[in-house]
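First the structure, in the form of structure tokens, and then the observations on it.
What follows draws every value from the coordinates through simple rules; no lab data is involved. Predicted model, so just to flag it, every value in this text is computed and none were measured. Note: ideal-geometry Cβ built from the backbone for every residue, glycine included; neighbour counts use all protein chains shown.
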Amino acid sequence: MPKLISVIVPAHNEAKNMPLLHTALQEVSDKIAYNFEFIFVDDGSRDDTVAVLKKLQKQDKRIQVIEFARNFGKEAATSAGLHASKGDAVVIMDADLQHPPSLLPKFIERWEAGGEVVVGVRRYSKKESAFKKMMSGWFYRIMQQIAHTHITPHATDFRLLDRAVVDEFNALTERNRMTRGLIDWLGFRRAYIHFEAPTRIHGEVAYTFTKLVGLAFNSFTAYSMLPLRLAGYIGVLILSIATPVGLFIVIEKYILNDPWGFNFSGPAILAFILLILVGIVLACMGLIALYIANIHNEVLNRPLYIVRRQQQATELAKEE
Ligand code: UDP
Ligand code: MG
């Protein structure tokens, strides 16, 4: 029996792209000796994506359509596809042909060579606006500094996952999810494939600037505790400067009776008392943040560790 490859495609208003994508997928699948299932997830489209998908389904029995009751977002659609998939390997790709289906054999090759997570890394085309490039550059720079999992710059959602990885992914319970980040958190052996994304032919980019900014902030808070601890750090910084200076002012003026003739004014003393108080308040907030961070981790309820494969004693005996 040839191995089964699941292809998962989240689609939101992609009526014009789906037939093109399906044709492209058919072409590739004809060329390689694998079985395929195509899982198309309609994420509350307002155009006739569903009708188009149903028509395609009649021509091709390998197509499975999951229809969302409303728009839940790409991350949710991808998760739904992963839950439904049965393949030995699962490939996630966009509907707009920006993740070229012709690369599928390459992904599978890397998987067969031992890559458990094969990641498509985007080479930036010249057509991309300088602003978008700059923003994404900054995003990855900040993420790399503050995130507790390694996140590869320009790694896309165009990925192949081994069955073991998909099973672990499906066991995650958190609601606020960025598929990429979660997959990166899982670990496993990775391989990278670089590709250039063509521009969209039909339809509009669903990820508007504001949505992207929202996603960026979500990633900061979901993959880093730094924003939570920031108040505490600022407080400690203020305290460490204001306390010695404040003490110096008080001792110099009232205990030593101003031997150096600084003649500190009342407002100056008041300012430092205020600074010290603000420092204490912020430091305490940081302390509370540490507790919240703990609660946050508990609520996420991620597993403590991820096992690649567990070999039973009987299996070991068989191998020997
Ligand atoms: N998408 C989705 N739900 C949404 C927005 C987008 O399922 O709410 C799908 C969309 O149909 C496409 C993929 O996610 O298959 C990527 O979307 P898009 O091309 O708009 O984003 P970008 O290319 O900027 O990543
Ligand atoms: Mg796109």
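Check each of the GluC sites (Glu not before Pro) in segment 141-222 and keep only those in coil by DSSP with at most 13 other C-beta atoms within 10 angstrom; list them in order. Intermediate results must be reported in sequence, preceding the final value.
Details: sites: 168, 174, 196, 204; in loops: 174, 204.
The qualifying sites are 174, 204.
Spin-label point model (7 Å from Cα, Cβ direction): what's the residue 218 to residue 171 distance in nm?
2.4
Apply 1/(1 + (r/R0)^6) to the Cβ-Cβ distance of residue 211 and residue 274, taking R0 = 45 Å, and write down the FRET efficiency to the nearest 0.05.
Numbers: r = 41 Å, r/R0 = 0.91.
Result of the calculation: an efficiency of 0.65.
Quick one: pull the percentage of alpha-carbon pairs in segment 53-106 with a separation above 17 Å.
Numbers: 733 of 1431 pairs.
Of the Cα pairs, 51 percent sit more than 17 Å apart.
Could you give the nm distance between label points at residue 152 and residue 202, where each point is 7 Å from its Cα heading toward the beta carbon?
It works out to 3.1 nm between the two label points.
What percent does the relative contact order of the chain come to when contacts are Cα pairs within less than 8 Å and at least six residues apart?
Numbers: 461 pairs, mean separation 55.5, N = 320.
Here the relative contact order equals 17 percent.
Sort 292-298, 210-216 for me by packing, meaning the mean count of neighbouring Cβ atoms within 10 Å per residue, highest on top.
Working: 292-298: 11.6, 210-216: 13.1.
Put in order of decreasing packing, that is 210-216, 292-298.
With springs only between Cα atoms under 10 Å apart, run a GNM on the chain and tell me which of 208, 221, 49 wobbles the most.
Comparing 208, 221, 49 in the GNM, the peak value goes to 208.
So, in Å, what gap is there between the alpha-carbon centers of segment 7-77 and segment 106-149?
Using only Cα atoms to place each centre, the spacing works out to 24 Å.
Roughly how compact is the chain, stated as its Cα Rg over 2.2 N^0.38 Å to two decimals?
On the way: Rg = 26.9 Å, N = 320, 2.2 N^0.38 = 19.7 Å.
After normalising by residue count via 2.2 N^0.38 Å, the value is 1.36.
Give me the number: length gained by fully extending residue 121 to residue 241, i.e. 0.36 nm times residue separation minus the C-alpha to C-alpha distance, one decimal in nm. Write down the numbers at each step before the final one.
Numbers: separation 120, 0.36 × 120 = 43.20 nm, distance 4.51 nm.
That works out to 38.7 nm of additional length.
Along the Cα-to-C-beta direction of residue 226, a point sits 7 Å from the Cα; which residues of segment 142-162 have their amide N less than 13 Å from that point?
In segment 142-162, the label zone of residue 226 (backbone N under 13 Å from the point 7 Å along Cα→Cβ) covers 142-151.
How far is helix 74-84 tilted off the main Cα axis of the chain, in degrees rounded to 10, range 0 to 90?
Roughly 50 degrees between the two axes.
Mind giving me the nanometre distance, one decimal, between the label points for residue 57 and residue 301, set 7 Å out from Cα along Cα→Cβ?
For residue 57 paired with residue 301, the spin-label model returns 3.1 nm.
Which of 267, 227, 244 ends up with the largest GNM mean-square fluctuation for the chain, with Cα atoms connected below 10 Å?
Greatest mean-square fluctuation among the candidates belongs to 267.
For residue 234 and residue 260 in the same chain, what is the full-extension length gain: residue separation times 0.36 nm, less their Cα-Cα distance, in nm? Don't skip to the answer; put the middle values down first.
Values: separation 26, 0.36 × 26 = 9.36 nm, distance 3.16 nm.
Roughly 6.2 nm would be gained on extension.
Pick from 164, 15, 271: which is most flexible by mean-square fluctuation in a GNM of the chain where alpha carbon atoms under 10 Å apart are linked?
Largest GNM mean-square fluctuation: 271.
Grab the beta carbon distance between residue 287 and residue 132, set R0 = 45 Å, and tell me the FRET efficiency rounded to 0.05. Numbers along the way, then the final one.
Values: r = 39 Å, r/R0 = 0.87.
Once the sixth-power term is evaluated, E becomes 0.70.
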